[in-house]
Structures are given as structure tokens and as C-alpha cells.
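Here is the structure we will look at, set down as C-alpha cells.
The values are calculated or read from the model by the stated rules, or taken from the named source; none is laboratory data. Being a predicted model, the structure only gives us computed values, none of them experimental. Here the Cβ positions follow ideal geometry from the backbone for every residue, glycine too, while neighbour counts run over all protein chains shown.
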Amino acid sequence: MVPGIFSKEAGIIGMHSIILMCRTFLTIYVAQLEGSMVQSIVEKDVLQFVLHLIKWILVALPATFVNSMIRFFESYLGLAFRTRLTKHAYQQYFSDQTYYAVSNLDTRLQNADQCLTEDITMFSQSVAHLYSHLTKPVLDIALITFTLLKLAVQRGTGQSTFLPTCMAILAVSITAKILKAVSPRFGHMVAEEAKRKGHLRYLHSRIITNSEEIAFYGGHQAEYKQLDGAFNSLYQQMMLIFKKRIPYIMIEQFLMKYVWSGTGMVMIALPILAAEYADDEKSTKLEDLPDHGVSERTRGYATAKTLLFNSADAVERLMTSYKEVTELAGYTGRVHEMFKVFDDAKKGIYQRQLVSGGAVEGQRGERFDTSRIEGVITDSETDEIVLNSVPIVTPNGDVVVKNMSLTITPGMHVLITGPNGCGKSSLFRILGGLWPVYRGHLEKPVSDRMYYIPQRPYMTLGTLRDQVIYPDTTVQMRRRGITDQDLMIMLRIVHLEHIVEREGGWDAQNDWMDVLSGGEKQRMGMARVFYHRPKYALLDECTSAVSIDVEGSIYQAIKDNGITLLTVTHRPSLWKFHTHLLQYDGEGGYKVSSLNEKTIGERMSYSEEKQQLERQLAEVPRWKERLQEVCQLLGDEDHLNMTLDTDDSE
């Protein structure tokens, strides 16, 4: 929060401390000035009273400024703390795919977005608030006590209320009109602040919802820039509000705290001062009497009373700060836990509550100790993917495959099949670095030579161009020598060239998750393969909403561009684009076999027969129902019962 004595935060604390000390000195001076005013009232010295009143009004100017600056620096300090913590948290959150790990591999942070926004905000504001509300009372108690001791050492041990009423009404009316005239549009500014807060929270929720897709894309830098931009926008709006409050609070404090108090003193003093000009005999006798030090004692009493009142108020504020300190302890614990989880995730240390869906037969029934990560990952110099005794384990600790040993070379197009829920996509998560390698050795190409396309492609906020080049920026695209004409060729391959004109050009901005249909989003995801041109394309049911003919042309174009396919699919029409088959049996086992025209033909024949049998079995209940109706019409219920008994025995 305060990285050094020459940091911005240290400077704000220093200025805030000086302002707090100035306010304490002003409190003491005002108390002494009020005592002198009381003395002049007792002595009926109109000239001295007027002079003291002018001083009192004049000191109100720096006092209102100091009060406004105290609030400003408290808010500014809280915002500075929040900025420092948020920037640091974002850097931690978007490094080494931490944003994915804390949401999917670790269960300690249930709401990372809440920690990154609300918890940091409340913690920062509480620290800044407590610093102000603890430092000021301590200064008040110390300096006021010193002043009272100094005073002790120096001493060696109205008949009409019409005018005061009119003054009160006039003061309230004028104050209301002035405050209404000078009040900024706080409602509009606060609404805009709330809107920007909501947008920031929305960006966080998008990242949490689509963390796996962003991680596979390697889009953390693009998302970081969007979050950083949204936070900077919120920062500017909050600073605008804080600055607008300074003059308004000054005027408000001046009118309500000083003008009203001055008016009240005049209202009290008027009957006493008016007695000086009375003509009655009683007044003349009172003027001839000696003072006997009454006025001086009254001044000392009034000064001491005011100082003691302020000192008691400071003690009260210190005592009531206990509740705020306990609240701050709660915020501190949550923020500390958030950074601890981020740090553990970067080190590969995860804590997860393991929950199993029940007993599982075969190798998948084995549970893994996910707290120990002993696997080794190295970069491949030949762009081969080599798994040597690597277990595929879910974050929940369930073993999908006990030991997988597999070598995939460039040009070896692998089709991955298996029953639903058998973990077909788990291999992609291992290759993408999302899941740890708990044992064995994994050798794979660097991350930018593998590109993952999920079933639900992630559409980022931005222009239509950004959807094709994600997670690159336009500057990075130009640097690679790619033009909009090249992007149009890519969209033409995936049969999406029409959306450029439909949506208003490459610079059109929209909520693409809602604007594009399911099939258009999947084809947009496939267009990214041609933009990034990886060595391996990891395709996870990414064309399920695309027609078979368009799907086939896209797959053929990918192969023609020298990109190796690793595909998870249920569509038999895609078998012909692959050379090998990786088949899971659903019991923790797997096998790898070659695909050629003969084997593909056989599998196609088996697939057609399977579909035909499934259709026939689906008709069995309807046939049984019809048989029952016919037997009842023929009165052959004995034959019906014999048939049903036979079916039950089978």
C-alpha cells in the first residue's frame, strides 16, 4: 500500500497529517477567541466584541478549507490505496493463468470478483478512514491538554425576541438558497459512478464465466487491458466527484458551522449589549459597579469549557473507533487471503474440497493427491507432443486415465472419441497448461504453437476485427503484416464474409455474444485458426452448430494450411480428415489406432448400423403398446400375457 517514503501514498499521508494538525491548532485558537468574545460581552465592550467577531468570521475561511481538505485527503488516500492494491492484484490475477486456477483448481476463493472489487474497496476506505479518525483525536487530546496546562500555569493555581427570531429565519433561508445554487449535479455524477462500477463488475464476471476459453486462447493480456481501462475510467469519475465536493463542503461548513454559530452568538449578545444604552436607573447603577475580574474569569471559563468539550469529543471518537477497527480486521483477512491464494496458484499449490459423484468402477475410481505436483513439463524442439506416463486427473481428484503414454507428431491428425463424460477434453486442458501434470513427463510445443477452439467460442468486447484476431490487438495485427483484406479471406473460408457488410464494417462495435448466432460464433472461432496459424489446432466440438458441408470445407482448409488437427467430435463425417484415432473406453482405458479408407468405411458402416438399431429400439415401446391394443381387440389376452411375461424374463 505504501511502497516507500517517497511514494505517492506517503506524500498523501504526509499532507493529510499536516491538515489534521492545522485543524487541531484552529480548534484551540477558536476556543480562545470564543472566550475573548464572551469577555467582551460581559464587559459590554461593543468595539472589542465586533473586532473579535470579525476575527472569528475571518478564521472561518481557513477552517472551512481545512475541513474540506480533511475529507478530500481521506477519500484521496483511500482511492490511492485501492489503486495500488488493484493494480497489484490485476498483475497477480493475470499472470500464469491464475484467473483460471483460482476459479477451477482451488476452492478457497468462492467469489474472486468480489475480492478484487468490493473487498479491496472496503479495505482501502476503512484504512484511510481510520487513519483520519484516529490521528485527529490523538492530536486533539495531546495539544488541548498542553494548552489547558499552560493556562493553569499562567493563572498560578433583553426584553424583545423579535429581532433574533427574524435573524434565525433569515439565516436559514439564505443558507438554503445559496446551497441550492452552488450544489453540483451530484446525482448525475453518482449515477455515472455506479454505471462504471457495474461495468467493471460485468467485465470480471465475463472473465470468470469464460476463464477456460480465455486461458486456452492466451487472452489474459487483452482482458487485462480492458479491465485496466474500465478501472481507470472509474478512477477518473471518482476523482471528479471528490474535487467537486471541495468547494461545496467549504460553503456548507462556512454557512452551517460558522455563520449559523455567529448568528446565534449575536442573538444571545444582542439583549446584553442593548442594556448598555438603556436609560433606566437600574442600568446606570450596574455600570458604576467595579468588575472585580468577573469578565476575565468568564473568558477563562468559556475557553476552558470549549477545550474540554473538544477533548471529551476526541476521547469519544477514539472509543467508538473500536467497531471500525474490528471491521477493518475482517477486510484485512479477506484481502490477505486473496493474495495468498494468488501466490499459491502461481507456485502450483492448490487447496480443493474433493467431492466425488460416487463410487466409480475401474481406473477412474482411483483418487489422486492433488496437493503434490511431481510431473515435468518441457518445451519440444521438434514440435512433437509426447506424454510419458502422464495421468489425466480432474481438479476434483478423479483419475480419467491412470497413465497415458502417447506421441503426436506434426501431420498426425488425431480424432478423439469416447462416451459422454469420459474426459475427452481433459487432454486439451493438460496440453494447454490449465491442469497440472501430477506425474510423468510432458513434452509439448510452446503455447503460441497450439491454439484451442472450444464449443462455445469466446467473443471479446471490441470491434468486429477484434473478434477475428483475438487476443491480438490491431497494432499487433499490423505488425505481423496482416491487413483487413487478409481477414476477409479468412472469413470467406469459414463462410462469414457477409457479416462485415451486415454489421457495418470492421470497426463496428457490438455485444458479439448476443449479435452472432451459435453457428456464426463457432465459425468465427475457426477463422481465428487461420489468423494465428498454429502448429496444432485443438478443436473441442467446435463445429457442432455448423452444417456438414461447411464444416468439411473448413477442416480441409486447415489441413491445407499445414495445421495438425486434434479433434473431439461425435460426427462421423469428420473421420476422413484424420489419420489416427484416440478412443476412450469410459473405464479409464484408451487405445490409439490408425485411420485409413478401409477402417473409416468399416466404422461408417458400424455407425450407420448403430444408428439404425437405436432407432428401432426407440420404437419398441410403441410396438408393445400397439400389440396390447390388437390383442385386446381380438380377445387374445392370454397370448398378450405370455408375450409380456417373456419380455419381462428377458
In the range 372-412, what residues are aliphatic (A, V, I, L, M) and touching an Asp or Glu at 6+ places or on another chain (Cβ under 6 Å)? Val386, Val399
In the range 378-406, which residues are part of a loop (DSSP other than H, G, I, E, B), β-branched (Val, Ile, Thr) and surrounded by fewer than 15 Cβ atoms within 10 Å (Cβ to Cβ)? Thr382
Quick check: anything in the range 473-482 loosely packed, with under 15 Cβ neighbours inside 10 Å and under 21 Å from Ser547 (Cβ atoms)? no
Of all residues in the range 94-148, how many are surrounded by fewer than 18 Cβ atoms within 10 Å (Cβ to Cβ) and of a type in the set (D, E, K, R)? 3
With the condition kept exactly as written, say whether any residue in the range 97-105 is over 30 Å from Glu213 (Cβ atoms) and either assigned to a helix (DSSP H, G or I) or out of contact with any Ser or Thr (no Cβ under 8 Å at 6 or more places or on another chain) (or both). no
Can you confirm whether the range 53-60 contains a residue that is touching a Ser or Thr at 6+ places or on another chain (Cβ under 7 Å) and in a helix (DSSP H, G or I)? no
So is Asn104 assigned by TED's automatic domain parsing to the domain that holds Ile214, out of contact with any helix residue (DSSP H, G or I) (no Cβ under 8 Å at 6 or more places or on another chain) and modelled with pLDDT under 85 or not? no
Within the range 583-591, is even one residue more than 21 Å from Glu213 (Cβ to Cβ), surrounded by fewer than 15 Cβ atoms within 10 Å (Cβ to Cβ) and in contact with a Leu (Cβ under 9 Å, 6 or more places away or on another chain)? yes
Filter the range 431-469 for residues that are of a type in the set (Phe, Trp, Tyr) and more than 21 Å from Leu227 (Cβ to Cβ) and give the result. Trp435, Tyr438, Tyr451, Tyr452
Go through the range 10-42 and give me each residue that's more than 19 Å from Thr306 (Cβ to Cβ), of a type outside the set (A, V, I, L, M, F, W, C) and crowded, with 17+ Cβ neighbours inside 10 Å. His16
Search result, residues across the range 429-469 that are among the hydroxyl-bearing types (Ser, Thr, Tyr), assigned to a loop (DSSP other than H, G, I, E, B) and more than 18 Å from Gly518 (Cα to Cα): Tyr438
